[in-house]
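Okay, structure first, notes after.
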Amino acid sequence: MTKQEKVAFVIETLQDLYPTIPIPLDHKDPYTLLIAVLLSAQCTDVRVNQITPILFAKADNPYDMVKLSAEEIKEIIRPCGLSPMKSKGIYGLSEILIEKHNGQVPQSFELLEELPAVGHKTASVVMSQAFGVPAFPVDTHIHRLMYRWNLSNGKNVVQTEKDAKRLFPKELWNDLHLQIIWYGREYSPARGWNLEKDIITRTIGRKSVVKAQV
């Protein structure tokens, strides 16, 4: 199979498996998505979805969020891990949204990445899922699978994102990054992996990876 045939196989398989694609993090608007994505760093989406309803019951917009102290935010989000840094980030970015953006989440990678605790991946998720702008946020699942599928060398997430954007059509990026995440969780996890169930890796996978599993 050529690389283009492999890419076509990935797209076709994922579209068959996930014709409709749920967004993993529960939210109701760009602000609540931004906070949920920030909380998801080194934390599972399941845990985040348990904590955000408690936080958003008190503050689901920047104006209410700054009425809480960073300490109060920290206590609520503690189960998500990294709570001292995340609580300062949530409080700080809420202040900036009010001061500079009329309380609205900006629709620009550059402006999002200027916000405290918001890196490139978080900005990419918000641009993609809240605003429909083509982006390819790379999480651990995508990074792992792009390597397993021999579509990237796996050196770092920056390279993986470049490779994904080069190989996959731009109009599919927003769907594909979610489809790959769901596929990684269900069929190609980091641990407890059954190659028999993982049709994509079984068909196009890196030889050394497949051989290690057989």
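Can you give the calculated 222 nm mean residue ellipticity of the chain, where each DSSP H run of n ≥ 4 adds -39,500 (n - 2.57) and the sum is split over every residue, rounded to the nearest 500 deg cm²/dmol?
-18000 deg cm²/dmol
Eigenvalues of the Cα gyration tensor times 5, then square-rooted: what semi-axes does that give for region 58-119, in whole angstrom, largest first?
Each semi-axis is the square root of five times an eigenvalue, giving 20, 14, 8 Å.
Say the cut-off is 31 Å between C-alpha atoms; which of Lys74/Lys121; Lys165/Lys197; Lys58/Lys155; Lys58/Lys170 go over it?
Distance filter (> 31 Å) returns Lys58/Lys155; Lys58/Lys170.
Computed over the Cα atoms of region 9-131, what is the ratio Rg over Rh, Rh following Kirkwood?
1.00
Solvent-accessible area per residue for region 142-191 at a 1.4 Å probe radius, Å²?
Using a 1.4 Å probe on heavy atoms only, each residue of region 142-191 averages 47 Å².
Could I have the simple spin-label model distance between Trp182 and Glu5, label points 7 Å from Cα toward Cβ, reported in nm to one decimal?
Here the answer is 2.8 nm between the modelled labels.
Show me, bin by bin at 10 Å from 0, the whole-percent P(r) of region 142-189 based on Cα pairs.
Reading upward from the zero bin: 28, 59, 13.
What is the spread of the Cα atoms of region 93-214 along each of their three principal axes, largest first, in whole Å?
For region 93-214, the Cα extents along the three principal axes come out at 57, 28, 22 Å.
Let a ≥ b ≥ c be the square roots of the eigenvalues of the Cα gyration tensor of region 13-70; is it rounded (a/c under 1.5), or, if not, prolate (a/b larger than b/c) or oblate?
Note, shape of region 13-70 comes out prolate.
Report, to the nearest whole %, how much of the accessible area of region 76-214 belongs to carbon and sulfur atoms, 1.4 Å probe, protein only.
51 percent
Using +1 on the beta carbon of Lys and Arg, -1 on that of Asp and Glu, and nothing else charged, what's the dipole of region 77-214 about the Cα centre, debye to 20?
Computed about the Cα centre, the dipole is about 740 debye.
Quick one: grab Rg to one decimal and Dmax as a whole number for the chain, Cα atoms only, in Å.
My reading of the Cα-based Rg and Dmax gives 18.5, 58 Å.
Roughly how many whole Å is it from the C-alpha centroid of region 177-214 to that of region 49-113?
After rounding, the separation between the Cα centres reads 36 Å.
The values are calculated or read from the model by the stated rules, or taken from the named source; none is laboratory data. Quick caveat, the model's predicted, so the values are computed rather than measured. When we count neighbours, we look across all protein chains shown, and the Cβ atoms used for this are built from the backbone with ideal geometry, even at glycine. For accessibility, only protein heavy atoms count, side chains too; no ligands or nucleic acids. Shrake-Rupley method; radii C 1.70, N 1.55, O 1.52, S 1.80 Å.
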